[in-house]
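Asks: Right, I'll just put the structure down here and ask away after.
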Amino acid sequence: MIIKNKTVSKVLNVLGEPLQLCSCKPMTGWYRDGFCKTDSYDIGQHTVCCVITESFLTYSKAQGNDLSTPSPEYGFPGLKAGDHWCLCAPRWKQAYEDGMAPLVRLKSTEISALAVIGIEVLLKYAHEDIDRN
């Protein structure tokens, strides 16, 4: 796949358009290339681009996935509120069911997330500044 203008050709987002960049600061994605794209080796399905909140970080840590503590040995700076990050689709759905889901950048969320989360739910959680223009 070729990266052009912060999009990935041939990989689509949940809106059926070319997938857009989620974040490079911090670097995110299964491939650590800034895109929430996946492959058959990505068991977690890191496909949902989220705008992280403090409440989600607290929730995630309580679920056993501490995303706020830096892990320098892995080049992970730790997340803070406002960061954009590729979450696993099943983890986002779990957070949604528990009332703790963060907002989603639809243009940066891979279409395969729809196998786990319905588009109507994702639309309700669309990050306004990015996706409802």
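Asks: Mind checking which of Pro72, Pro90, Pro18 has the largest fluctuation in a GNM of the chain, springs on alpha carbons under 10 Å?
Replies: Checking each option, the largest mean-square fluctuation is seen for Pro72.
Asks: Here is a follow-up. Please list, in chain and number order, the residues 5+ apart from Lys37 or on another chain whose amide H is under 5 Å from its amide H, with Hs placed from the backbone.
Replies: Trp30, Tyr31
Asks: If you don't mind, there's one more thing I want to ask. Which residue fluctuates most in the GNM of the chain (Cα springs below 10 Å): Arg91, Arg32, Arg105?
Replies: Highest fluctuation among the options: Arg32.
Asks: Isolated Cys in the chain by the 4.7 Å beta carbon test?
Replies: Cysteines lacking a close Cβ partner in the chain: Cys24, Cys50, Cys88.
Asks: Further question on the same structure: In debye to the nearest 20, how big a dipole does the range 1-97 give about its Cα centre with +1 on each Lys and Arg Cβ and -1 on each Asp and Glu Cβ? Don't skip to the end; give the middle numbers.
Replies: Working: 10 positive and 9 negative charges, 50 e Å.
The calculated dipole for the range 1-97 is roughly 240 debye.
Asks: Still on this model: Among (1) 14, 48, 33, 5; (2) 11, 24, 13, 9, 8, 8, 8, 7, 6, 4, 1, 0; (3) 12, 41, 26, 14, 5, 1, find the value of P(r) over Cα pairs in 10 Å bins from 0, in percent that was calculated from the structure presented, and write down its label.
Replies: The listed entry that was calculated here is (1).
Asks: Past 20 Å, Cα to Cα: identify those pairs from Lys37/Lys61; Lys25/Lys107; Lys61/Lys124; Lys37/Lys107; Lys37/Lys93; Lys93/Lys124, in the order given.
Replies: Lys37/Lys61; Lys61/Lys124
Asks: Please report the net charge: other residues with Cβ closer than 13 Å to the Cβ of Thr69, K and R +1, D and E -1. Walk me through the numbers before you get to the answer.
Replies: Details: positive: Lys61, Lys80; negative: Asp66, Glu73.
Around Thr69, the charge tally is 0.
Asks: So what's the net charge close to Tyr31: Lys and Arg +1, Asp and Glu -1, counting the other residues with Cβ under 14 Å from its Cβ?
Replies: Numbers: positive: Arg32, Lys37; negative: Asp33, Asp39, Asp42, Glu110.
The answer is -2.
Asks: R0 = 25 Å: FRET efficiency of Ile43 with Gln63, Cβ-based, nearest 0.05? Walk me through the numbers on the way to the answer.
Replies: Values: r = 17 Å, r/R0 = 0.67.
Using R0 = 25 Å, I get an efficiency of 0.90.
Asks: Where the accessible area of the range 1-104 is counted over protein heavy atoms with a 1.4 Å probe, how much of it, in %, is carbon and sulfur? The partial results should precede the final answer.
Replies: Working: 3140 of 5670 Å².
The value for the range 1-104 is 55 percent carbon and sulfur by accessible area.
Asks: Under 10 Å, Cα contacts only: if you run a Gaussian network model on the chain, which one of Tyr59, Tyr96, Tyr41 comes out with the highest mean-square fluctuation?
Replies: Tyr41
Asks: Using the heavy atoms of the protein chains and a 1.4 angstrom probe, tell me the accessible area per residue for the range 1-90 in square angstrom. Walk me through the numbers before you get to the answer.
Replies: Values: 4980 Å² over 90 residues.
Value returned for the range 1-90: 55 Å² of accessible area per residue.
The values are calculated or read from the model by the stated rules, or taken from the named source; none is laboratory data. Because the structure is a prediction, the values reported are computed rather than measured. Glycine also receives a Cβ, built like all others from the backbone with ideal geometry; neighbour counts cover every protein chain displayed. Side chains included, ligands, DNA and RNA excluded: accessible areas come from the protein's heavy atoms. Shrake-Rupley method; radii C 1.70, N 1.55, O 1.52, S 1.80 Å.
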